[in-house]
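Colleague: I am attaching a structure below and will ask some questions about it afterwards.
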Amino acid sequence: MNVISHREADFAAQLRRMLAPSSLFDAAIEEQTRAIVEAVRARGDEALEELTERFNGARLTPDQFAVSQAEFMAAALQADESLRAAIAETSKNVGAFAKRSRRKNWSMRNSHGALVGEKFDPFGRVGIYIPGGAAPLVSTALMTIPLARVAGCREIVVCTPCDRHGAVNPALLHAARGAGATEIYRLGGAQAIAAMALGTGVIRKVNKIFGPGNAFVVAAKRLLFGYAAIDLLPGPSELLVLADESANPACIAADLLAQAEHGSGHERVWLLTTSEKILRATRKEIERQLPKRARRDFIESALAHNGWLVRVADLEQGIELANQLAPEHLEVMCRDATRITCRLVSAGAIFVGRDSPTVLGDYVAGPSHVLPAGGTGASFAGLTVDQFQRRTSVVEYNKSALKQALRAVRKFSEMEGLDAHGWSAEIRLRPKAARK
C-alpha cells in the first residue's frame, strides 16, 4: 500500500498522485472499448458471438443469448431457504426505500393564472447490467431491478456474463427473475452495453441503461450516451474511511479489504486519519487479516495500485480531501460523525459511525448500491427510483392566462427578432377576420 503523511516534504506531490484520474478515464481502455462498440454497431449479433467467445470462452449462437424458461425453473429449484430469506430481506428494504423516493405528478398556477407542472412516466424498456465475472453480484439484481418495477417499467432487460459453458450463476438468475426481469441475456462486458444501447437482431434497443461494471463497461456507457440514456458512472469499487483516534483499526482494515476484493484490479481504497497510531495499527491489521481472505490475490493487486493510508494534519484537511476524491463509499469513524457528515458533499453514499460498515449498503440497508465512482460523485448521485421515470413538463393556458402573458411574449419576440414566435401567441387572441 501507499503510506504517506502530511509531515513528509513531498506530501503535496504524493497527494497529486493520489488524486489522479481513475481507470474510468483511461485512454487505452476507452480505445479498446470503442473498437468493441463499433463491432457491435457494424455486425450486431455476429459480433456478440465472437466477443462472447473471446472474453468468456463460450460459443453461443444468437438463439442461445436469451436465458430459457427451463434455466429459470432450475435456478429456482436450487435456491435454498437461506438464499430465499436473504433475497426477501433485501427486497423488502430496497422496495420500501424506492416507494418513498418515487416522484409524483404535480401542478401549480403561475403568475398568469395558467396551470404548469410535471408528470412522471416510467421508461417503457430499460436495460440493466449485472456484473457476473469474477464475482457474480446477486445483490446487484436486487439493487436495480426492483427500482424499475416500482417505477412501473413494462420491459426490464438484464444482461449478465456467462461462464465458458454458457451458464449464468443460478442464484443470480433466481434473484433477477424474482425481482421482475422480463428478459435476461447471457452477455457481458462492453458488448452487452452496446447491444442494449444500439439494438441487434436478437436484442431490441432500450430507452435507458443502468447498473455497475468494470472500467470497460463504464467506458461503453460513456461512449454510448445519447443512443440511450445512461444512469451514472458506477465503476470499480471505492471506499474512503475518514477516522480520528477513536476509530477501530480492525474494522477499518476489514472494510478496506472488503471493497478491494472485487477483482478488477482497479478498485481504490483510502484511509484518511489524524492519528499516527490508527494509521500504523490499521496497516498491521491489514497484514494480519489479508492472509485469511479467500480472494487475497485480487485484494493485494488492488492495494498495491490504489491503496492509500494517509496521515492528515487535521480533520479539516481530511474533509477537504474526501470532497476532492468524491469516493463511491465514505465511512465516517470519528467522535462527532454526524456533524462531520454534514460537510461531506460529494460521496456516493456515507456510512456514519463505527457500526455502519459499507457492506450493509452493498447488501441489505435499502438505498441502491449502484453509486458513482472515479470522482464522478461530484457530479452524479447514486441510483434512485426516479431515474427510471421520465420527467415531462406540462403547460396549460386558457385565453385569460394567455392575455396576461402576451405583453412579455411580444417583447421577447421583438428583442430576439423572431416575429413568428410572437404571432403564434397573438393569433389566438385576434378575431377570426383579423387572422387572415
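The values are calculated or read from the model by the stated rules, or taken from the named source; none is laboratory data. Computed from a prediction, not measured in an experiment: that's the story for all the values here. Virtual Cβ from ideal backbone geometry, glycine too; neighbours counted across all protein chains shown. Keep in mind that these areas ignore ligands, DNA and RNA; they rest on the heavy atoms of the full protein, side chains included. Shrake-Rupley method; radii C 1.70, N 1.55, O 1.52, S 1.80 Å.
Colleague: I need the semi-axes of the equivalent ellipsoid of the range 306-414: take the C-alpha gyration tensor, multiply each eigenvalue by 5, square-root it, list largest first in whole angstrom.
Modeller: One finds semi-axes of 44, 19, 13 Å for the range 306-414.
Colleague: For the range 253-357, calculate the relative contact order in percent as a whole number, restricting contacts to Cα pairs under 8 Å that are 6 or more residues apart.
Modeller: After rounding, I find 27 percent.
Colleague: Got a sec? Charge dipole of the range 1-59, +1 on Cβ for Lys and Arg, -1 for Asp and Glu; which of F11, G57, A42 is way out at the positive end?
Modeller: Of the listed residues, the answer is F11.
Colleague: Provide the packing ranking of 151-164, 411-424, i.e. peptides ordered by the mean count of other C-beta atoms within 10 Å per residue, highest first.
Modeller: Output ranking for 151-164, 411-424: 151-164, 411-424.
Colleague: Please figure out what share of the DSSP beta bridges in the range 49-187 is antiparallel and state it in percent, rounded to the nearest 5.
Modeller: Close to 40 percent.
Colleague: Okay, moving on. Could you check the spin-label model distance between K284 and R390? Points 7 Å from the Cα along Cα→Cβ, value in nm.
Modeller: The modelled label-to-label distance comes out at 6.0 nm.
Colleague: Helix 170-179 sits at what angle to the longest principal axis of the chain, using alpha carbons and giving 0 to 90 degrees rounded to 10?
Modeller: It works out to around 30 degrees.
Colleague: May I pose another question? When the helix-only estimate is applied to the chain (DSSP H runs of n ≥ 4, each -39,500 (n - 2.57), divided by the residue count), what is the mean residue ellipticity at 222 nm, nearest 500 deg cm²/dmol?
Modeller: Values: 16 runs with 197 residues, N = 436.
My calculation for the chain gives -14000 deg cm²/dmol from helical runs alone.
Colleague: Against the longest principal axis of the chain, how steep is helix 399-416, in degrees 0 to 90 to the nearest 10, with axes from Cα atoms?
Modeller: Once rounded, the angle reads 80 degrees.
Colleague: How would you rank 254-266, 227-239, 31-43, 386-398, highest first, on the average number of other Cβ atoms within 10 Å across their residues?
Modeller: Descending packing order for the listed peptides: 227-239, 254-266, 31-43, 386-398.
Colleague: When you count, for each residue, the other Cβ atoms within 10 Å and take the mean per peptide, how do 142-148, 190-196 rank with the highest first?
Modeller: 190-196, 142-148
Colleague: Name the residues of the range 301-333 whose amide N is less than 15 Å from a point 7 angstrom out from the Cα of K277 along the C-beta direction?
Modeller: none
Colleague: Round to the nearest 10 and give me the degree value, 0 to 90, for the angle of helix 138-151's Cα axis relative to the longest principal axis of the chain.
Modeller: Its long axis makes an angle of about 20 degrees.
Colleague: Ranked from the most accessible area to the least, with a 1.4 Å probe and all protein chains present, what is the order of S400, S275?
Modeller: If we order S400, S275 from most to least accessible, we get S400, S275.
Colleague: Taking 0.36 nm per residue of separation and subtracting the Cα-Cα distance, what length does fully extending L83 through R34 add?
Modeller: 13.8 nm
Colleague: While we're on this one: Let me cross-check V345: its accessible surface, 1.4 Å probe, with only protein heavy atoms counted, in Å² to the nearest 10?
Modeller: Looks like 110 Å² after rounding.
Colleague: Using just the Cα positions, wrap the range 225-382 in a convex hull and report its mean projected area in square nanometres, one decimal place.
Modeller: Answer in nm², one decimal: 9.3.
Colleague: Rg and Dmax of the chain, using alpha carbons, in Å: what are they?
Modeller: In order Rg, Dmax, the Cα atoms of the chain give 25.5, 90 Å.
Colleague: How much net charge surrounds G117 when only other residues with a Cβ under 13 Å from its Cβ are counted (Lys, Arg +1; Asp, Glu -1)? Could the numbers behind the result be given before it?
Modeller: Numbers: positive: R103, K104, R109, K119, R391; negative: E118, E396.
Net of charged neighbours comes to +3.
Colleague: Note the per residue figure in Å³ for the convex hull of the C-alpha positions in the range 353-436.
Modeller: Values: hull volume 19.0 nm³, N = 84.
Output value, Cα hull per residue: 227 Å³.
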